[in-house]
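Asks: Sharing a structure below in structure tokens format, with a few things to ask.
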Amino acid sequence: HMSTARERSLGPPCARPRPDAQPLVSRRWAPRGGGCASGPGGRETRRGAPGDGEAPRAALRPGSVGSMIDLRSDTVTRPTKAMYEAMANAPLGDDVFEEDPTVRLLEEEAAQELGKEAALFVPTGTAGNLIAIMQHCSTVFSPEVIVGDRQHTYLYEGGNMGRLANVSTWVLPNEADGTLDLAKVEAAVRSEDVHHPRSRLLLLENTHNACGGVPLPTSYMDQAGALARQHGLGLHVDGARIFNAATALGEPVARVCRAADSVSFCLSKGLASPAGGVLVGQREFIRQARSVRKALGGGMRQVGILAACGLVSLRMMTKRLNEDHEAAQLLATGLSEMPGISVDPSAVKTNILFFNVQDNKANQLVQTLREDHGVLVGAYSTERVRMVTHNDLPRDKIPVVLDAFRASLASVLSDV
């Protein structure tokens with residue numbers, strides 16, 4: 001078969017966008033004027049939604065379920081227009097063979113941005129953390145990880161350190177600012193003894209989700225890294241929102257990460273990609289981590305279609321995170337003026353906002369906001385609620401959200 005001059009100019013077939021490629025939106029659910037009208041899993045999620053094939057009552061706004069304003073997490077963002085264009089035009093290859101040019105470009109740019117030698121594209125932030133833990137702990141028999149009791153890796157990743165990585169954990173209390181007391185970390189390092197597991201890894205989280213999205217000070221990270229090296233430990237940072245940390249600290253992300261041996265970050269949170277994350281570290285560490293990823297089922301083929309979004313995230317979305325931080329501040333300030341809400345705006349450093357509801361009415365408040373006002377937030381306990389700002393929250397919706405809170409509080413709290 002002889003190729004034409006036009007075919008040769010376009011490159012190999014795997015690198016060409018299909019001329020008949022359609023936007024990744026189901027026509028069945030596409031509202032008039034464009035956009036996607038399905039909720040998570042492709043289903044319209046509001047009660048009383050139209051049946052299959054019917055035209056929805058209202059077009060979806062970005063970052064919403066139906067007509068709702070969704071502040072449960074920054075994972076709810078939809079791909080940007082630039083991401084859809086990047087997906088449609090991304091050159092592709094087989095990434096298990098390390099032949100996807102878009103993935104390779106993302107890995108190169110991520111490693112450079114975070115000041116590390118190499119990077120690995122991973123399906124999720126949880127996968128990145130697990131791969132890092134397994135690789136760090138592969139050099140000793142019976143390894144142990146030192147971790148905080150409020151860290152995502154300990155609370156919200158399915159117990160995978162014990163279930164899959166086969167490591168034990170020494171759990172220390174996180175301080176209010178998300179740090180671990182380094183004196184307690186040093187005391188937790190095991191001595192050489194036949195009765196003990198081997199201390200191998202220190203885990204930190206930056207920004208710290210459960211502690212209010214706070215960034216860990218770079219001076220603290222430097223001290224933690226020095227302590228880890230002194231005792232022969234690796235330092236892995238769960239940096240799901242590491243770019244939020246760098247933005248809040250006013251420092252380059254490479255400087256924030258300098259002390260860490262490895263860092264994982266999410267592309268699908270504040271950076272608005274539909275999926276994926278990146279693990280960075282030394283070249284040999286990443287080479288071996290690639291094998292761990294494959295063993296865990298994380299080897300993906302023409303995944304440059306997702307890596308293309310990741311490149312947009314790195315090049316564009318990291319530059320706008322301060323907008324999300326400002327939005328969280330506006331919400332915190334507005335809420336602080338409402339009876340029945342306890343929140344300190346000065347404690348809100350990034351895009352995560354926690355507040356307390358009096359009389360343990362958090363669940364009732366969340367339900368009323370959703371059912372009566374179309375505002376989605378998350379209850380973390382009977383008194384604690386979380387909101388997360390993101391790219392798909394228009395600034396003009398902040399007064400709408402605050403009005404919804406005022407009305408909901410009036411119906412939920414008897415003395416408001």
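Asks: Quick one: is A332 free of Cβ contacts under 8 Å to residues at least 60 places away in the same chain and buried (at least 16 other Cβ atoms within 10 Å of the Cβ)?
Replies: yes
Asks: Go through region 219-245 and count every residue that is open to solvent by less than 10 Å² (accessible area, probe 1.4 Å) and farther than 12 Å from L202 by Cα.
Replies: Result for region 219-245: 4.
Asks: Here is a follow-up. Which condition does E323 not pass, out of (1) open to solvent by 20 Å² or more (accessible area, probe 1.4 Å); (2) under 23 Å from A132 (Cβ atoms); (3) acidic (D, E), if it passes all the others?
Replies: (2)
Asks: Follow-up question, since we're still on this one. Can you tell me which residues in region 345-355 are open to solvent by 60 Å² or more (accessible area, probe 1.4 Å) and touching a residue at least 24 places away in the same chain (Cβ under 8 Å)?
Replies: K349 - this is the single residue of region 345-355 that is open to solvent by 60 Å² or more (accessible area, probe 1.4 Å) and touching a residue at least 24 places away in the same chain (Cβ under 8 Å).
Asks: Which one of the conditions (1) out of contact with any Asp or Glu (no Cβ under 9 Å at 6 or more places or on another chain); (2) surrounded by fewer than 24 Cβ atoms within 10 Å (Cβ to Cβ); (3) not in a loop (DSSP other than H, G, I, E, B) does G297 fail to meet, given that it meets all the rest?
Replies: With (1) out of contact with any Asp or Glu (no Cβ under 9 Å at 6 or more places or on another chain); (2) surrounded by fewer than 24 Cβ atoms within 10 Å (Cβ to Cβ); (3) not in a loop (DSSP other than H, G, I, E, B) applied to G297, the lone miss is (3).
Asks: Let me ask something else. Cβ-Cβ below 6 Å, separation at least six or inter-chain, first residue in region 188-204 and closer than 18 Å to H136 by Cα and of a type in the set (G, A, S), second open to solvent by 20 Å² or more (accessible area, probe 1.4 Å) and assigned to a loop (DSSP other than H, G, I, E, B): which pairs?
Replies: S199/V189; S199/R190
Asks: How about region 141-152: which of its residues are closer than 17 Å to V185 by Cα and outside any strand (DSSP E or B)?
Replies: Listed by number, the residues that qualify are D149, R150, Q151.
Asks: In region 181-218, which residues are part of a strand (DSSP E or B) and surrounded by 21 or more Cβ atoms within 10 Å (Cβ to Cβ)?
Replies: S199, R200, L201, L202, L203, L204, E205, H208, V214
Asks: Which of the residues belonging to region 136-180 are touching a strand residue (DSSP E or B) at 6+ places or on another chain (Cβ under 8 Å), loosely packed, with under 14 Cβ neighbours inside 10 Å and without any contact (Cβ under 8 Å) to a residue 40 or more places away in the chain?
Replies: D149, G162, P173
Asks: Any chance region 375-385 includes a residue that's over 24 Å from the mean Cα position of the chain (by Cα) and surrounded by fewer than 20 Cβ atoms within 10 Å (Cβ to Cβ)?
Replies: Yes, region 375-385 contains at least one residue that is over 24 Å from the mean Cα position of the chain (by Cα) and surrounded by fewer than 20 Cβ atoms within 10 Å (Cβ to Cβ).
Asks: Pairs please, first residue from region 74-88 and touching a residue at least 12 places away in the same chain (Cβ under 8 Å) and surrounded by fewer than 19 Cβ atoms within 10 Å (Cβ to Cβ), second anywhere and assigned to a helix (DSSP H, G or I) and among the hydrophobic types (A, V, I, L, M, F, W, C), Cβ atoms under 9 Å, 6+ apart in sequence or on different chains.
Replies: A82/C309; A82/V312; Y84/C309; A88/I305; A88/A308
The values are calculated or read from the model by the stated rules, or taken from the named source; none is laboratory data. Worth saying up front: this structure is predicted, and the values here are computed from it rather than measured. All Cβ positions, even for glycine, are placed from backbone atoms using ideal geometry, and neighbour counts span all protein chains on display. Note: accessible area is taken over every heavy atom of the protein model, side chains too, but ligands, DNA and RNA are not part of it. Shrake-Rupley method; radii C 1.70, N 1.55, O 1.52, S 1.80 Å.
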